[in-house]
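What follows is one structure encoded as structure tokens, with my remarks underneath.
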Amino acid sequence: MNKVRSFDPVSGILVADAGCVLESLSEYLAPHNHIMPLDLGAKGSCQIGGNVSTNAGGLRLLRYGSLHGSVLGLEVVLPDGTILDQLSTLRKDNTGYDLKQLFIGAEGTLGIVTGVSILTAPAPQSASNVILALPKFENVLPLFVQAKRQLSEILSAFEFFDREVYDLAIKHGQGRALSEEDVEGAECFVLMETSGGKREHDEEKLNQLLETLFESDKPLINTGVLSQSPAQFASMWAIREGLTEAVSKEGKAYKYDISVPLAKFKEVVDTTREHLGSKGLLRDDAVKHVVGYGHVGDGNLHLNVVAAAYTPEIEAALEPFVYELVASYKGSVSAEHGIGVMKTHALHYSKSNVSIEWMKRIKQLFDPKGIMNPGKVLP
Amino acid sequence: MNPFDEIAVEEAVRLREKLKDAVKSIKVVTIGGTKSQETLRTALAMGADSGIHVSLADSDPTPEPLGVAKALRAVIEREKAKTPVDLVILGKQAIDDDSSQTGQMLAGLLNWPQATFASKLVVDAEKKEANVTREIDGGLEELKCRLPLVVTTDLRLNEPRYASLPNIMKAKKKPIEKITPADLGVDLAPRLETLKVAEPPKRVGGGKVENVDQLIEKLKEAGITAVKA
């Protein structure tokens, strides 16, 4: 089940078997000058059916939106064996309840996705990226506002990572480091990507933004570096995409993928660090680092606590502390990574009892025998 | 910018960082249409001081290596008249034609020594000498050369730096001189004639055999005399 079923180069609508690997779909689309609306580090192995069932987010969400928007139709096998064929290739179809939305992100608990109809995007003709060094985290928000205003439709990614995790990435050989001069005094970094239909137009907008930032009376940035070649473009992304691997190489990571208000990103990291400190756990043989990075543009922070070893003591200190912290901001305890088996107990931090009750009723309706991924998503 | 030329510019900037005031100026040259100016700006953003754009009409044919070498020689002669030129660093080849000829031809025209495919360059400004390590088929070769010298860069010479914003801003104000091939007295008309372009012969499919005896049969049929029944 790994074939492309059809592609319409005019509308950009692609219909594919659920078993198609994401990267293979990107390769299929390339000669047609289109791209998939999502991209993630696991592109070489993840399958589109899985992406849909987990409502995968990724690096392009800022620009192309979530799968809830880009998926136009699904072919699903229901728990009783019925095939629900809603593999439409229509951009607009307001005929009844939009059932496909239930399956997107249901993690296979309501049915198995076997076919996907998705809206792909025209491939950008030019792409550029820049890493900006910020003296303090407070500048990220105004920087984001300004970038959105001046770059407007060509902004395609806005990622943040703190100084500590950047240093870890370089220590573990992920991508090419910036010069000492450029990182001096930087509390955090922002990686911004632009992509659009005309290189000169994009460059002009980007250069203007950089000039404004650099020459303002109260600069939001210390400095930045701009990619000058496809190799440098890839290398800058490698730093950001390599943060996760660097964290794993540094020690045992407790990972929290959360959605909190943008302005609270640093507070979440600092509060967690202080809390661990107050328990005497900030030591080389316990918790070595507390770092944060993520998709600022989507309000999604990846909080990583790097320990020398997994211990019940550290876990007890972190949970339910982190979940309660996230709940206090009315945030999500799982922004994009889903619930699975591990976080069913944490669902109530982000969804009310009423919501959870209705989710259980829907599950009961579709899967009364409880055969679809038992133990996942719902407590 | 051609990736090998990027390495060349990076090497020049690193030489200045090492030799400091001994490096009086780093000039970058390009030959091409209007878009080539941007390539010069990138080089200036990496740390070059000024640029020379030998400008061609966008409709002109792409210059050939000998033409490029002659134009570069003319530029260097012009510069030499004002201040001595000690080192010319080029990429080992361009990724559009992969000729790997310009550097060598330039050295021949200037009658300068050449050290090509450099993976390490150490310059002694006082002695006006350079030690160059080059990559060759069997391994590495070390050359000691006198300046002035032509060097062409190989991949492992260095990894070009990211252009930082302050330098990109500064680069906008650095001077780029625009001249034409006519100003240099050089004719860039193509002289190479393509006689034939052919695909390599299509790979004929192989066959499968059932057993070793059949394999030996086929090998004998193919005239492989070492095969004995």
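Conditions (1) in contact with an Asp or Glu (Cβ under 7 Å, 6 or more places away or on another chain); (2) buried (at least 22 other Cβ atoms within 10 Å of the Cβ); (3) free of Cβ contacts under 8 Å to residues at least 60 places away in the same chain, marked per residue:
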| site | (1), (2), (3) |
| --- | --- |
| B:58 | no, no, yes |
| B:71 | no, yes, no |
| B:79 | no, no, yes |
| B:87 | no, no, no |
State the number of residues belonging to the stretch B:45-84 that are within 14 Å of chain A (Cβ to nearest Cβ) and within 14 Å of residue B:25 (Cβ to Cβ). 2
Flag for residue A:164 being away from chain B (no Cβ under 12 Å), crowded, with 16+ Cβ neighbours inside 10 Å, charged (D, E, K, R) and under 19 Å from residue A:60 (Cα atoms): no
Take the stretch A:102-155 and flag every residue that is under 22 Å from residue A:27 (Cα atoms) and of a type in the set (Gly, Ala, Ser). A:115, A:117, A:121, A:123, A:126, A:127, A:128
Among (1) out of contact with any Cys (no Cβ under 9 Å at 6 or more places or on another chain); (2) at pLDDT 95 or above; (3) within 30 Å of residue A:196 (Cα to Cα), where does residue A:90 come up short? (2)
Surrounded by fewer than 18 Cβ atoms within 10 Å (Cβ to Cβ), in contact (Cβ under 8 Å) with a residue 40 or more places away in the chain and hydroxyl-bearing (Ser, Thr, Tyr): which single residue out of A:117, A:152 fits that description? A:152
Can you say whether residue A:76 is buried (at least 23 other Cβ atoms within 10 Å of the Cβ), part of a strand (DSSP E or B), at pLDDT 95 or above and in contact with a Lys or Arg (Cβ under 9 Å, 6 or more places away or on another chain), as far as the supplied structure shows? yes
From the list A:10, A:52, A:4, which residue is within 21 Å of residue A:103 (Cα to Cα), surrounded by fewer than 20 Cβ atoms within 10 Å (Cβ to Cβ) and of a type in the set (A, V, I, L, M, F, W, C)? A:4
Output the residue which, of all residues in the stretch A:163-213 that are under 24 Å from the mean Cα position of the chain (by Cα) and of a type in the set (Ser, Thr, Tyr), is farthest from residue A:225 (Cα to Cα). A:195
I'm trying to understand the selection: among the residues of the stretch A:347-371, which are within 28 Å of residue A:319 (Cα to Cα), touching a residue at least 12 places away in the same chain (Cβ under 8 Å) and part of a loop (DSSP other than H, G, I, E, B)? A:350
Hey, residue A:152 farther than 15 Å from residue A:240 by Cβ and within 14 Å of chain B (Cβ to nearest Cβ) or not: no
For the stretch A:89-103, which positions are part of a loop (DSSP other than H, G, I, E, B) and out of contact with any Ser or Thr (no Cβ under 6 Å at 6 or more places or on another chain)? A:90, A:91, A:92, A:93, A:94, A:95, A:96, A:97, A:98, A:99
Please indicate, with yes or no, whether at least one residue in the stretch A:208-219 is in contact (Cβ under 8 Å) with a residue 24 or more places away in the chain, under 20 Å from residue A:139 (Cα atoms) and among the polar types (S, T, N, Q). yes
Hits in the stretch A:321-354 (condition: surrounded by 12 or more Cβ atoms within 10 Å (Cβ to Cβ) and among the polar types (S, T, N, Q)): A:328, A:332, A:334, A:344, A:350
Failed criterion for residue A:294 (all others in (1) on the phi < 0 side of the Ramachandran plot; (2) part of a strand (DSSP E or B) hold): (1)
Entirely in the stretch A:175-272, the strands (runs of 3 or more DSSP E) that have 2 or more residues that are away from chain B (no Cβ under 12 Å) and of a type in the set (Val, Ile, Thr): A:188-196
Matching residues, the stretch B:31-44, being within 11 Å of chain A (Cβ to nearest Cβ) and surrounded by 18 or more Cβ atoms within 10 Å (Cβ to Cβ): B:39, B:41, B:42, B:43
Quick check on residue B:98: is it within 17 Å of residue B:6 (Cβ to Cβ) and assigned to a loop (DSSP other than H, G, I, E, B)? yes
Which of the residues spanning the stretch B:14-30 are surrounded by fewer than 20 Cβ atoms within 10 Å (Cβ to Cβ) and within 14 Å of chain A (Cβ to nearest Cβ)? B:14, B:17
Of all residues in the stretch B:144-166 being facing chain A (nearest Cβ under 9 Å) and surrounded by 20 or more Cβ atoms within 10 Å (Cβ to Cβ), which is farthest from the chain's Cα centre (by Cα)? B:165
Out of the stretch B:1-35, which residues are more than 19 Å from residue B:74 (Cα to Cα) and small (Gly, Ala, Ser)? B:8, B:12, B:22
Matching entry among A:168, A:220 (being at pLDDT 90 or above and under 24 Å from residue B:172 (Cα atoms)): A:220
If residue B:85 satisfies all but one of (1) in contact with a Leu (Cβ under 8 Å, 6 or more places away or on another chain); (2) closer than 23 Å to residue B:178 by Cβ; (3) not in a strand (DSSP E or B), what's the number of the condition it fails? (1)
Which of (1) assigned to a loop (DSSP other than H, G, I, E, B); (2) modelled with pLDDT under 95 is the odd one out, the single condition residue A:19 does not satisfy? (2)
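The values are calculated or read from the model by the stated rules, or taken from the named source; none is laboratory data. Keep in mind the model is a prediction, meaning the values are calculated, not measured. We place every Cβ from the backbone using ideal geometry, glycine too, and count neighbours over all the protein chains shown.
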